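*Asks:* Just passing along the structure, written as structure tokens.
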Amino acid sequence: MIARIALLLLAWLALATPSLAQAPTAAANPDSVQGQAAAMDQAEADLRTLGQGLHTKRLDDDELKSRLAAVDPMQAKIAAALSVLTPKLGDIDARLAQLGPPPGPGQPAEDADNASTRARLTHFRAQVDAEIKQGKLLTVETSQLAKSLADKLRGNFAARLWTQSRSIADPTLWRDFAAAAPADLGRLQSALTEQSRLLAASAKSPPQVVYWILAGVLSLFLLGPARVWLNRLGARRAAAAPATDLRRSALAFWRLLVATSTPVLAALVLRGAFTETLTPAFNDAAGLVIRVVVFASLLQGLGRAILSPRHPNLRLAPLPDDVVARLAPFPVLIGATAGLAFLVAGVNSIFAASLPTSIASDCLTLLGEIATVGGALAMVGRARHAHLTSNGDAATQDGARLRLPWILAALAAWLALAAALVALLTGFLAMSSFLMKETIWIGAVLALTFLLLRLADDLFPALLSPDGAVGRAVKTGIGLSDSALEQIGVLLSGVVRLGLLLFGWVTILAPFGASADDIVGRVTTTSWVLHVGQVDISPGAILGGVALFVAGLMATRAVRNWLESRYLPKTGMDVGVRTSLAAAVSYAGVIVAILLAFAYLGLSFSQIALFASALSVGIGFGLQAIINNFVSGLILLAERPIKVGDWIAIGDLEGDVKAINIRATEIEMMDRSKLIVPNSDLISKTVRNVTHGAIAARLRIILRTDANIDPSDMRDLMLGRIKAHPEILAAPAPAVFLSDVRDGALEFTAFAYVASARVAYRVKSELLFQIVPDMKIKGIALASSTPVVNIGLPDHLIEPETGQPT
């Protein structure tokens, strides 16, 4: 390093000449280069220190985490040095370009000053370039070191996770626990004695005692009166506000804040009052208690905010009262058991409990967690089953869609509980503890995300409502219409919703840390590999690809539901356009999910094309009809000759288009039955679309009357009734025509227009119910159907008789 700094100083002395007076200042400032070189050398030394013993020693998690935390600042320093050196290299190159190329063989010698300048710049450039290359090399090495540290951390976790200790069913465990309990209690008694001695010494100071009393009173006030008053304050403010969805979600969020913050503040006050009088062990235990209180309060607050057992009208969760009544105690119980398990494990570590005591206490707390969570799941299952059974046929398709997330979540939770119980019985305590912690943590994150999503969905549309103060100000200041303002509110809620979903996903994965890959590592490291062409696919990759595909489908469905239920209704588009856009989003989402799954499996576009060409023959013969219907569905969505909401006729069958799916179109007949028509039939065959053209529809009324009436009276009667009907359009104007005179009858034809073809039949019936009685009142009789008898006659005329026959 000393030699490098000396060379840089010599370069600086060489550059400090009049011939370089006009050079760029960045290139003629070796002091900054010298500082960056020193930073590079320091980073290199720190890198070597962090990497010592990484591959030869067994480092614990704390050491690995501390080294991993030091990598990011090191990378930042290297990046800062490179950001300084790289422009300097460009400046030097620009100066050398100004000097031009050196003279070649046979050319006149270069001026002495220019030659000296060129030599000094070239030397300095070599130094800066060497530092940049060293910085790039250090960047790669720091990334490799970070990966090695993370791999070590994952290895430590895997070693603990798959290490078998002692089972809860092992009788010798409890015998050893009983033998070790006196010694453990003795160590705890010694720690308590030392802490009591320290407290007694501090209690001799009256100000300290007063401080303790004030802290205790403040803590009790926070846990009691303050908490009750804050909850009542939120309830009063919510009662004073308009009865909207925002009031319900805001009050739930306020209850969560109160339930979480007051116990935490009380715990912090007590710890602050006793910090100086706590031994190191009890100081660590106090921090552990605060973390337990935070998590338990969070679960209790979430349960109260979402379930709202005492106020069903303010409940966020779509649950009946009987389910809520049975489920309400369990958030507190789960928080208590989870907090107790975390506290017991931490206390065992702080006070150096013996191995049998640690294992036995972990087994008992894990058993309590499994029992509590299992009881909650069983209670919810029984309550929902009883609710669905009592409702009978009242369960709709929307209810079925709401039950699907419950079914999936319950199934995943039961599987996790079963795995945790098996691990507990077989002695894999780390695995059992991990499964229970993650199950409870995921449940808490999902509940919090649900609450925040409801708040975002209600907040932004209400905030930007045209009737609100903020909405009026934005509308006036920018000049937006009410519809555009509502669309902006829904879009903002959608953006925030997406951010919350990503935050929830990251938060769920955060506690996994280095362990997420290790859970599936036993599957991915198996020797069984599926060979597809030049691609090797392991079972773990297949599971990951399937999971990614399913996640893509779920995300696509969520986006489509949001578009159909929240955003598109605000745009003013008709139902057909909205359905086409939603279907296009579904198709795009399915394609993206397939591509992501293939990418996870390691398939490139060329390999996908090769795989598709191999299946082309099978698609051509076996799936020809399906592909034809799929392409026809795309044509229907693009050209929109038929859209959702249209009234179409196929032959003698008529009905409303309810859905255009991938393979077929669903049509609801007049008798409420469903007709499933392949999409290819709608493209290739003749289809009559009653509502595709003009919105207005024409109705026709034909009446035949006796020929003895005055045609004007009949015309006035029909025209008066038609014009008086409220659903008859004024333009085009209705008209009545005398269309025929035959068989002793007059035939009148009336034409009128209504707003929709769907009401034409009803309006015609109503007009006939009015016109026919009016005809009877005015003595206008309908023409009767008189049969006509044709008599055959000879071809020649019959002459009359003129005399007697001869």
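The values are calculated or read from the model by the stated rules, or taken from the named source; none is laboratory data. Quick caveat: nothing in here was measured; it's all calculated off a predicted structure. Glycine also receives a Cβ, built like all others from the backbone with ideal geometry; neighbour counts cover every protein chain displayed. The protein model used for the area step is the full one, side chains on, heavy atoms only, and it has no ligands, DNA or RNA in it. Shrake-Rupley method; radii C 1.70, N 1.55, O 1.52, S 1.80 Å.
*Asks:* Condition first: more than 25 Å from LEU425 (Cα to Cα), of a type in the set (A, V, I, L, M), at pLDDT 80 or above and under 41 Å from the mean Cα position of the chain (by Cα). Now tell me which residues in region 128-185 satisfy that.
*Replies:* Across region 128-185, the qualifying residues are LEU137, LEU138, VAL140, LEU145, ALA146, LEU149.
*Asks:* Step by step: first the residues of region 568-585, then only those that are closer than 16 Å to ILE488 by Cβ and surrounded by fewer than 19 Cβ atoms within 10 Å (Cβ to Cβ), then the one that is modelled with the highest pLDDT. Which residue is that? Reasoning before the result, please.
*Replies:* Step one: list which residues in region 568-585 are closer than 16 Å to ILE488 by Cβ, which gives 568-572.
Still in the running and surrounded by fewer than 19 Cβ atoms within 10 Å (Cβ to Cβ): 569-572.
Numbers: PRO569: 75, LYS570: 71, THR571: 71, GLY572: 66.
Among those that are closer than 16 Å to ILE488 by Cβ and surrounded by fewer than 19 Cβ atoms within 10 Å (Cβ to Cβ), it is PRO569.
*Asks:* Under the condition of being over 24 Å from ARG578 (Cβ atoms) and surrounded by 14 or more Cβ atoms within 10 Å (Cβ to Cβ), which residue from region 655-687 is farthest from the chain's Cα centre (by Cα)?
*Replies:* Of all residues in region 655-687, those over 24 Å from ARG578 (Cβ atoms) come to 670-671, 673, 680-681, 684-686.
Now restrict to residues that are surrounded by 14 or more Cβ atoms within 10 Å (Cβ to Cβ): 680-681.
Numbers: SER680: 35, ASP681: 37 Å.
Residue satisfying both the conditions and the ranking: ASP681.
*Asks:* Here's a check for you: in region 232-248, which residue that is part of a helix (DSSP H, G or I) and open to solvent by 80 Å² or more (accessible area, probe 1.4 Å) is modelled with the lowest pLDDT? Don't jump to the end; show me each part of the working.
*Replies:* Step one: filter region 232-248 for residues part of a helix (DSSP H, G or I), giving 232-240, 245-248.
Now restrict to residues that are open to solvent by 80 Å² or more (accessible area, probe 1.4 Å): 232, 236-237, 240, 245.
Numbers: ARG232: 86, ARG236: 82, ARG237: 81, ALA240: 73, ASP245: 77.
The selected residue is ALA240.
*Asks:* Kindly indicate whether THR262 is open to solvent by less than 30 Å² (accessible area, probe 1.4 Å) and modelled with pLDDT under 85.
*Replies:* Values: open to solvent by less than 30 Å² (accessible area, probe 1.4 Å): yes; modelled with pLDDT under 85: no.
When the stated conditions are applied, THR262 does not pass them.
*Asks:* Restrict the check to region 708-730 and report whether at least one residue is of a type in the set (Asp, Glu), part of a loop (DSSP other than H, G, I, E, B) and more than 30 Å from GLU639 (Cα to Cα). Spell out how you get there, then give the answer.
*Replies:* In the first step, residues of region 708-730 are kept if they are of a type in the set (Asp, Glu); the result is 710, 713, 716, 727.
With part of a loop (DSSP other than H, G, I, E, B) added as a condition, the list becomes 710, 727.
Adding the requirement that they be more than 30 Å from GLU639 (Cα to Cα) leaves 710, 727.
Scanning region 708-730 turns up at least one residue that is of a type in the set (Asp, Glu), part of a loop (DSSP other than H, G, I, E, B) and more than 30 Å from GLU639 (Cα to Cα).
*Asks:* Is it fair to say ASP41 is in contact (Cβ under 8 Å) with a residue 12 or more places away in the chain and open to solvent by 30 Å² or more (accessible area, probe 1.4 Å)?
*Replies:* Details: in contact (Cβ under 8 Å) with a residue 12 or more places away in the chain: yes; open to solvent by 30 Å² or more (accessible area, probe 1.4 Å): no.
No: the conditions fail for ASP41.
*Asks:* Within region 631-690, which residues are in a loop (DSSP other than H, G, I, E, B) and farther than 21 Å from SER586 by Cβ? If you could, list the steps in order and put the result at the bottom.
*Replies:* In the first step, residues of region 631-690 are kept if they are in a loop (DSSP other than H, G, I, E, B); the result is 640-646, 651-652, 661-663, 670-673, 685-687, 690.
Result: GLY651, ASP652, MET670, ASP671, ARG672, SER673, LYS685, THR686, VAL687, VAL690.
*Asks:* Another question about this same structure. Among the residues of region 644-651, is there at least one that is in contact with a strand residue (DSSP E or B) (Cβ under 8 Å, 6 or more places away or on another chain), β-branched (Val, Ile, Thr), open to solvent by 40 Å² or more (accessible area, probe 1.4 Å) and modelled with pLDDT of 80 or more? Show your work before the answer.
*Replies:* Step one: filter region 644-651 for residues in contact with a strand residue (DSSP E or B) (Cβ under 8 Å, 6 or more places away or on another chain), giving 644-650.
Okay, now just the ones that are also β-branched (Val, Ile, Thr), so 644, 648, 650.
Subsequent filtering for residues that are open to solvent by 40 Å² or more (accessible area, probe 1.4 Å) retains 650.
Right, trim to modelled with pLDDT of 80 or more and you get 650.
Yes, there is a match, as at least one residue in region 644-651 is in contact with a strand residue (DSSP E or B) (Cβ under 8 Å, 6 or more places away or on another chain), β-branched (Val, Ile, Thr), open to solvent by 40 Å² or more (accessible area, probe 1.4 Å) and modelled with pLDDT of 80 or more.
*Asks:* Can you tell me how many residues in region 276-293 are closer than 20 Å to PRO263 by Cβ and part of a helix (DSSP H, G or I)? Before you say what the answer is, go through the steps one by one.
*Replies:* Pass one, region 276-293, residues closer than 20 Å to PRO263 by Cβ: 278, 282-293.
Right, trim to part of a helix (DSSP H, G or I) and you get 282-293.
Looking only at that region, the number is 12.
*Asks:* Let me ask something else about it. Among THR244, THR275, THR337, which is under 27 Å from the mean Cα position of the chain (by Cα) and among the β-branched types (Val, Ile, Thr)? Talk me through it step by step, then tell me what you get.
*Replies:* Details: THR275 fails: under 27 Å from the mean Cα position of the chain (by Cα); THR337 fails: under 27 Å from the mean Cα position of the chain (by Cα).
From the options THR244, THR275, THR337, the qualifying one is THR244.
*Asks:* I need the full set of residues from region 460-490 which are assigned to a loop (DSSP other than H, G, I, E, B) and within 26 Å of the chain's Cα centre (by Cα), in order please.
*Replies:* Let us first name the residues in region 460-490 that are assigned to a loop (DSSP other than H, G, I, E, B), namely 464-468, 479-481.
Hits for region 460-490 are LEU464, SER465.
*Asks:* Any residue at all in region 329-336 that is of a type in the set (Phe, Trp, Tyr) and touching a residue at least 60 places away in the same chain (Cβ under 8 Å)? Please lay out each step first, then the result.
*Replies:* Of the residues in region 329-336, the ones of a type in the set (Phe, Trp, Tyr) are 330.
Okay, now just the ones that are also touching a residue at least 60 places away in the same chain (Cβ under 8 Å), so none.
Checking region 329-336: not a single residue is of a type in the set (Phe, Trp, Tyr) and touching a residue at least 60 places away in the same chain (Cβ under 8 Å).
*Asks:* Kindly check whether there is at least one residue in region 284-292 that is open to solvent by less than 40 Å² (accessible area, probe 1.4 Å), hydrophobic (A, V, I, L, M, F, W, C), touching a helix residue (DSSP H, G or I) at 6+ places or on another chain (Cβ under 6 Å) and under 26 Å from LEU452 (Cβ atoms). Spell out how you get there, then give the answer.
*Replies:* Within region 284-292, the first condition is being open to solvent by less than 40 Å² (accessible area, probe 1.4 Å), and the residues that meet it are 285-288, 290, 292.
Those still in the list that are hydrophobic (A, V, I, L, M, F, W, C) too: 285-286, 288, 290, 292.
After this cut, where a residue has to be touching a helix residue (DSSP H, G or I) at 6+ places or on another chain (Cβ under 6 Å) as well, the list is 285-286, 288, 290, 292.
Next, from what is left, pick out any that are under 26 Å from LEU452 (Cβ atoms): 290, 292.
There is at least one residue in region 284-292 that is open to solvent by less than 40 Å² (accessible area, probe 1.4 Å), hydrophobic (A, V, I, L, M, F, W, C), touching a helix residue (DSSP H, G or I) at 6+ places or on another chain (Cβ under 6 Å) and under 26 Å from LEU452 (Cβ atoms).
*Asks:* Shifting gears a bit: Among the numbered criteria (1) small (Gly, Ala, Ser); (2) over 18 Å from TRP441 (Cα atoms); (3) at pLDDT 90 or above, which one does ALA371 miss?
*Replies:* (2)
*Asks:* A further question on this structure: What number goes with the only condition from (1) touching a residue at least 40 places away in the same chain (Cβ under 8 Å); (2) farther than 30 Å from LEU452 by Cβ that PHE253 does not pass?
*Replies:* (2)
*Asks:* Has region 295-303 got any residue that is of a type in the set (Ser, Thr, Tyr) and in contact with a Pro (Cβ under 6 Å, 6 or more places away or on another chain)? Please lay out each step first, then the result.
*Replies:* Residues of region 295-303 that are of a type in the set (Ser, Thr, Tyr), as a first pass: 297.
Filter once more, so that each one left must be in contact with a Pro (Cβ under 6 Å, 6 or more places away or on another chain): 297.
Within region 295-303 (the criterion being of a type in the set (Ser, Thr, Tyr) and in contact with a Pro (Cβ under 6 Å, 6 or more places away or on another chain)), the answer is yes, since at least one residue qualifies.
*Asks:* Out of region 307-346, which residues are in a helix (DSSP H, G or I), within 18 Å of TRP406 (Cα to Cα) and open to solvent by 20 Å² or more (accessible area, probe 1.4 Å)? Explain how you work it out, then say what you get.
*Replies:* Quick first cut of region 307-346, residues in a helix (DSSP H, G or I) only: 307, 312-314, 321-327, 330-346.
With the extra rule that they be within 18 Å of TRP406 (Cα to Cα), the set shrinks to 307, 321-327, 330-331.
Matches in region 307-346: ASP321, ASP322, ALA325, ARG326, LEU327, PHE330, PRO331.
This table checks each residue for (1) under 21 Å from LEU47 (Cβ atoms); (2) among the aliphatic types (A, V, I, L, M); (3) surrounded by fewer than 15 Cβ atoms within 10 Å (Cβ to Cβ).
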| position | (1), (2), (3) |
| --- | --- |
| GLN107 | no, no, yes |
| ALA146 | yes, yes, no |
| ALA159 | no, yes, yes |
| GLN164 | no, no, yes |
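*Asks:* Filtering region 410-428 down to residues that are small (Gly, Ala, Ser) and in contact with a helix residue (DSSP H, G or I) (Cβ under 8 Å, 6 or more places away or on another chain), which residue is modelled with the lowest pLDDT?
*Replies:* Step one: list which residues in region 410-428 are small (Gly, Ala, Ser), which gives 410, 412-413, 416, 418-420, 423, 427.
Next, from what is left, pick out any that are in contact with a helix residue (DSSP H, G or I) (Cβ under 8 Å, 6 or more places away or on another chain): 410, 413, 416, 419-420, 423.
Details: ALA410: 80, ALA413: 87, ALA416: 89, ALA419: 91, ALA420: 91, ALA423: 90.
Restricting to residues being small (Gly, Ala, Ser) and in contact with a helix residue (DSSP H, G or I) (Cβ under 8 Å, 6 or more places away or on another chain), the top hit is ALA410.
*Asks:* Only one residue in THR705, THR749 is farther than 30 Å from GLY655 by Cβ, modelled with pLDDT of 75 or more, of a type in the set (S, T, N, Q) and part of a strand (DSSP E or B), so which one is that?
*Replies:* Numbers: THR749 fails: farther than 30 Å from GLY655 by Cβ.
Answer to the selection: THR705.
*Asks:* Sticking with this one: Could you run through region 595-609 and say how many residues are surrounded by fewer than 16 Cβ atoms within 10 Å (Cβ to Cβ) and at pLDDT 75 or above?
*Replies:* So the first thing to find is which residues in region 595-609 are surrounded by fewer than 16 Cβ atoms within 10 Å (Cβ to Cβ), and the list is 595-596, 599, 602, 604-606, 608-609.
Right, trim to at pLDDT 75 or above and you get 595-596.
Number satisfying all stated conditions: 2.
*Asks:* Pairs under 8 Å by beta carbon, first residue closer than 19 Å to ALA484 by Cβ and without any contact (Cβ under 8 Å) to a residue 24 or more places away in the chain in region 553-568, partner aliphatic (A, V, I, L, M) and part of a helix (DSSP H, G or I), six or more apart or different chains?
*Replies:* Listed pairs, sorted by first residue: LEU563/LEU581; LEU563/ALA582; LEU563/VAL585; LEU568/LEU581; LEU568/ALA582.
*Asks:* Could you check how many residues of region 202-231 are open to solvent by 60 Å² or more (accessible area, probe 1.4 Å) and farther than 25 Å from THR260 by Cβ? Walk me through it before giving the result.
*Replies:* We begin by selecting, within region 202-231, every residue open to solvent by 60 Å² or more (accessible area, probe 1.4 Å); these are 204, 206-207, 210-211, 213-214, 217-218, 220-221, 223, 225, 228-229.
Filter once more, keeping what is farther than 25 Å from THR260 by Cβ: 204, 206-207, 210-211, 213.
Adding up the residues that qualify gives 6.
*Asks:* Then there is this: Taking the stated definitions as given, is ALA81 assigned to a helix (DSSP H, G or I), open to solvent by less than 30 Å² (accessible area, probe 1.4 Å) and out of contact with any Asp or Glu (no Cβ under 7 Å at 6 or more places or on another chain)? Spell out the reasoning first.
*Replies:* Details: assigned to a helix (DSSP H, G or I): yes; open to solvent by less than 30 Å² (accessible area, probe 1.4 Å): yes; out of contact with any Asp or Glu (no Cβ under 7 Å at 6 or more places or on another chain): yes.
Judged against the criteria, ALA81 is a match.
*Asks:* Right, here's the next one. For a quick check of your reading of the model, give me the residue pairs whose first member lies in region 727-746 and is closer than 18 Å to SER712 by Cα and of a type in the set (Val, Ile, Thr), whose second is in a strand (DSSP E or B) and open to solvent by less than 80 Å² (accessible area, probe 1.4 Å), with beta-carbon atoms closer than 9 Å and at least 6 apart or on different chains.
*Replies:* Listed pairs, sorted by first residue: VAL736/ILE701; VAL736/PHE748; VAL736/THR749; VAL736/ALA750; VAL736/PHE751; VAL741/GLU747.
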